[in-house]
1. Considering Asn109, Asn127, which residue is without any contact (Cβ under 8 Å) to a residue 60 or more places away in the chain, surrounded by 14 or more Cβ atoms within 10 Å (Cβ to Cβ), outside any loop (DSSP other than H, G, I, E, B) and in contact with a strand residue (DSSP E or B) (Cβ under 8 Å, 6 or more places away or on another chain)?
2. Among the residues of the range 68-88, which ones are assigned to a helix (DSSP H, G or I) and of a type in the set (A, V, I, L, M, F, W, C)?
3. I'd like the residue in the range 130-180 that is in a loop (DSSP other than H, G, I, E, B) and among the aromatic types (Phe, Trp, Tyr) and, out of all such residues, is modelled with the lowest pLDDT.
4. Among the residues of the range 138-160, write down those that are surrounded by fewer than 17 Cβ atoms within 10 Å (Cβ to Cβ) and not hydroxyl-bearing (Ser, Thr, Tyr).
5. How many residues does the range 141-173 hold that are under 29 Å from Pro87 (Cβ atoms) and in contact with a Leu (Cβ under 8 Å, 6 or more places away or on another chain)?
6. Among the residues of the range 149-165, is any within 30 Å of Val93 (Cβ to Cβ), among the polar types (S, T, N, Q), touching a residue at least 40 places away in the same chain (Cβ under 8 Å) and in contact with a helix residue (DSSP H, G or I) (Cβ under 6 Å, 6 or more places away or on another chain)?
7. Looking only at residues in the range 23-67 that are in a loop (DSSP other than H, G, I, E, B) and of a type in the set (Val, Ile, Thr), which one is nearest to the chain's Cα centre (by Cα)?
8. If I ask for residues that are aliphatic (A, V, I, L, M) and at pLDDT 95 or above, which ones from the range 67-82 would you list?
Amino acid sequence: MKKKLFALAALVVALGSTAGPASAQDVLTGDTRLACEAILCLSSGTRPSECTPSLSRYFNITKRKLSDTIRARANFLQLCPVANQTPQMQSLVSAISQGAGRCDAQSLNSTMLVWTGGDDGRTYISNQMPDFCAAYTGHAYTDFTSSGTLPRYVGTPERGGYWVEARDYDRALAEYNERIRREDEERRRQSWLN
């Protein structure tokens, strides 16, 4: 996976310079540079401080409708010269524009609510990652799984499961299991009293 990210970075750098010595005209600038940097930064599960300007520019692109925001962000990423060079890069840009900023644990917990259908208004958080997140995080040119930054689901939907960032999984799982143990204990106690 790291080889693919390196190849992607090398391709972006190669387009930003010629075979001869670098000059001021050979370096990408402005939104073109920010778009290429955003592609690199959003392809990795980690976000170093060098990504701040490009990610700020990317995430500040907002429109009234979500579909318009996604389209505008895709158009921004397409300013990078490599964005349309291969079908794989085209699919990467599409996956990033659909999933970046929508596939972290906090977003999944707020958007993956499912109503149980009863009159009591009960909901649960689905443990199925949306297709656009699977396409983004599982793309051949992204690195979420091996970098340990892919959100993970804790528990089961029926028992109050939820998404957490990968780094918090062990702690969240221990807390969830303890909560379930206490709930089960209370149910057993209540059933003996009745």
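The values are calculated or read from the model by the stated rules, or taken from the named source; none is laboratory data. Keep in mind that this is a model prediction, so the values were computed, not measured. Note: ideal-geometry Cβ built from the backbone for every residue, glycine included; neighbour counts use all protein chains shown.
1. When all the criteria are applied, what remains is Asn109.
2. Ile70, Ala72, Ala74, Phe76, Leu77
3. If we take residues in the range 130-180 being in a loop (DSSP other than H, G, I, E, B) and among the aromatic types (Phe, Trp, Tyr), then Phe144 is modelled with the lowest pLDDT.
4. Gly138, Ala140, Gly148, Glu158, Arg159, Gly160
5. Qualifying residue count for the region: 5.
6. Scanning the range 149-165 turns up at least one residue that is within 30 Å of Val93 (Cβ to Cβ), among the polar types (S, T, N, Q), touching a residue at least 40 places away in the same chain (Cβ under 8 Å) and in contact with a helix residue (DSSP H, G or I) (Cβ under 6 Å, 6 or more places away or on another chain).
7. The residue in question is Thr46.
8. Ile70, Ala72, Ala74, Leu77, Leu79
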